[in-house]
Amino acid sequence: MKRILIVTATTGYQTRAFAEAAAALGMTAVLATDRCHVLDDPWGDGAIAVRFDEPAAASGAIAAGGPFEGIIALGDRPALVASLAAAALGIPYNDPPAVEAAGNKFLSRRRLAAAGLPVPEFFRVPIDSDPAAAAARASYPCVLKPLGLSASRGVIRAGSPDAFVTAFRRIEALLIRPEIRALREEQTRYLQVESFIEGKEYALEGVLTEGRLQTLALFEKPDPLDGPFFEETIYIAPARVEPGPLIEAAGRAVGALGLTHGPVHAEMRFDGRRAVVLEAAARPIGGLCAKALRFDGGMALEELLLRHAAGEDVSGIRRESSASGVMMIPIDRGGIYEGVEGVDGALRTAGVEEIEITAKIGQKLEPLPEGASYLGFIFARGETPADVERSLREGHRGLKFQIAAALPVMR
């Protein structure tokens, strides 16, 4: 049985899906997760305990648990650990400097600019600096964003110096939260300022083999993402656009970053003339969104990536011919989650295949830009992208979420 290492967060949505896919393929999935190393296997999964804020030590612990035939990382921080472990084990994977650059918005922008790719105006600002002075350097409209957080967390558009200062203070308050300071990452001490890029957003899911990019799917994001916050909701494949410019832009970006082997998730804006890469991450699409993708014979993305990690040739595998999509159910207001009504009815919506509510009863909900989760996911399939979009929106309209006001904390 081939042993495949999966480096992932303990609570990641994707972990179980990859472990189950590995078992179905007759592979042994060995997990390396960020958990307490003092407790004896608290989750009962035999995982290697690592700390993502100590990547060198983590890679050493992983290497000691080898050998492995392949490696997959689920998330930006796990990807850096995986790259160091792969180098120590001699497993094909991205080089650590490339992964570090892909996971840091400032380093990424510098590499893309050096390669001659179109990038917005950008500069980095320490969070303890004077926001008014930084606002004077910016062109408007602009976007302020943390360097390392994902899923648009902390990303805010500003149209004036006053709005800039307000956004700066809001991101500063987010970055000094205990759970983020506990990450102990240098990039949490900075935010980045970029000129706003016009255009519609798209996402490319792909896999690299010895530097060659294979496009697995091109997603369209039909909802406008123009700010002031940038909450992603719907992904639909195939995208209703000529794919050539977007695929070319993603390929140039991964080359500029130095990524060579493994999954790639690229985010882009396209105005019909120019495609601008927002990020090219050394990981697969996050959350449960991979369920929106099926390949030859009903193959899931997890199976395809495990086969690739194990050294199989996946270049001939193609996405299904039908359209598909996912809605990441947004949190429209903060409070305490008490439940949802209408799931059975929403499931009867034509095209809707599955609804998974991931919020837990009693969970405190927080919308973007501070929030880091969704209420759940809706999945749909249809003959055309328009059919899928219609199904997702209609299914969502049938859901009624109960969110109680959170009581203020008395000190």
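The values are calculated or read from the model by the stated rules, or taken from the named source; none is laboratory data. Since the structure is predicted, the reported quantities are computational estimates derived from the model, not experimental observations. Heads up, the Cβs are rebuilt from the backbone with ideal geometry, glycines too, and the neighbour counts pull from every protein chain shown. Please note that ligands, DNA and RNA were not included when accessible areas were found on the heavy atoms of the full protein model with its side chains. Shrake-Rupley method; radii C 1.70, N 1.55, O 1.52, S 1.80 Å.
Among residues of segment 205-219 that are small (Gly, Ala, Ser), those with a Cβ under 7 angstrom from a residue that is part of a strand (DSSP E or B), sequence gap 6+ or separate chain, pair up as 206/213; 206/214; 206/215; 206/216; 206/264; 217/205; 217/237; 217/319. Only one entry in 311, 316 is in contact with a Gly (Cβ under 8 Å, 6 or more places away or on another chain), open to solvent by 50 Å² or more (accessible area, probe 1.4 Å) and not in a strand (DSSP E or B), namely 311. When 309, 372 are checked against the criterion of being under 21 Å from the mean Cα position of the chain (by Cα) and at pLDDT below 95, a single residue qualifies: 372.
Tell me yes or no: at least one residue of segment 149-170 is at positive phi and either hydrophobic (A, V, I, L, M, F, W, C) or out of contact with any Asp or Glu (no Cβ under 8 Å at 6 or more places or on another chain) (or both). Looking for residues that are at positive phi and either hydrophobic (A, V, I, L, M, F, W, C) or out of contact with any Asp or Glu (no Cβ under 8 Å at 6 or more places or on another chain) (or both), one finds at least one in segment 149-170, hence yes.
Among the residues here, residue 106 qualifies as touching a strand residue (DSSP E or B) at 6+ places or on another chain (Cβ under 8 Å), of a type outside the set (S, T, N, Q) and within 30 Å of residue 209 (Cα to Cα). Scanning segment 117-126 for residues that are aliphatic (A, V, I, L, M) and either in a strand (DSSP E or B) or exposed (fewer than 14 other Cβ atoms within 10 Å of the Cβ) (or both) yields a single hit, 125. The residues in segment 83-105 that are part of a loop (DSSP other than H, G, I, E, B) and more than 19 Å from residue 119 (Cβ to Cβ) can be counted, and the count is 6.
Within segment 156-164, can one find any residue that is of a type in the set (Phe, Trp, Tyr) and touching a residue at least 40 places away in the same chain (Cβ under 8 Å)? No: zero hits.
For segment 262-271, the criterion of being buried (at least 17 other Cβ atoms within 10 Å of the Cβ), within 18 Å of the chain's Cα centre (by Cα) and either without any contact (Cβ under 8 Å) to a residue 60 or more places away in the chain or in a loop (DSSP other than H, G, I, E, B) (or both) is satisfied by no residue at all.
For segment 370-411, which positions are under 30 Å from residue 238 (Cβ atoms), of a type outside the set (A, V, I, L, M, F, W, C) and not in a helix (DSSP H, G or I)?
Answer for segment 370-411, where residues must be under 30 Å from residue 238 (Cβ atoms), of a type outside the set (A, V, I, L, M, F, W, C) and not in a helix (DSSP H, G or I): 371, 373, 374, 376, 381, 382, 383, 384, 398.
Within the option set 394, 354, 383, 338, being under 25 Å from the mean Cα position of the chain (by Cα) and not polar (S, T, N, Q) holds for one residue only, 354.
Of everything listed in (1) open to solvent by less than 50 Å² (accessible area, probe 1.4 Å); (2) assigned to a helix (DSSP H, G or I), the single unmet condition for residue 284 is (2). When the residues of segment 127-177 are filtered to those that are of a type in the set (D, E, K, R), within 23 Å of the chain's Cα centre (by Cα) and under 15 Å from residue 196 (Cα atoms), the one that is least open to solvent (accessible area, probe 1.4 Å) is 145.
Of the candidates 339, 325, the single residue that is outside any loop (DSSP other than H, G, I, E, B), within 24 Å of residue 213 (Cβ to Cβ) and either in contact (Cβ under 8 Å) with a residue 12 or more places away in the chain or open to solvent by less than 30 Å² (accessible area, probe 1.4 Å) (or both) is 325.
Residue-wise test of (1) without any contact (Cβ under 8 Å) to a residue 12 or more places away in the chain; (2) open to solvent by less than 20 Å² (accessible area, probe 1.4 Å).
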position: 65; (1), (2): no, no
position: 81; (1), (2): no, yes
position: 88; (1), (2): no, no
position: 110; (1), (2): yes, no
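With the structure loaded, tell me whether residue 286 is modelled with pLDDT under 95 and touching a His at 6+ places or on another chain (Cβ under 9 Å) or whether it fails that test. Spelling it out, residue 286 is indeed modelled with pLDDT under 95 and touching a His at 6+ places or on another chain (Cβ under 9 Å).
Kindly establish whether residue 244 is within 22 Å of residue 114 (Cβ to Cβ), free of Cβ contacts under 8 Å to residues at least 40 places away in the same chain and out of contact with any Lys or Arg (no Cβ under 6 Å at 6 or more places or on another chain). Spelling it out, it is not the case that residue 244 is within 22 Å of residue 114 (Cβ to Cβ), free of Cβ contacts under 8 Å to residues at least 40 places away in the same chain and out of contact with any Lys or Arg (no Cβ under 6 Å at 6 or more places or on another chain). Filtering segment 106-116 to residues that are assigned to a loop (DSSP other than H, G, I, E, B) and in contact with a helix residue (DSSP H, G or I) (Cβ under 6 Å, 6 or more places away or on another chain) leaves only 115. Of the residues making up segment 272-317, those that are among the small types (Gly, Ala, Ser), touching a strand residue (DSSP E or B) at 6+ places or on another chain (Cβ under 8 Å) and more than 26 Å from residue 353 (Cα to Cα) are 275, 280, 281, 282, 309, 310, 311, 315.
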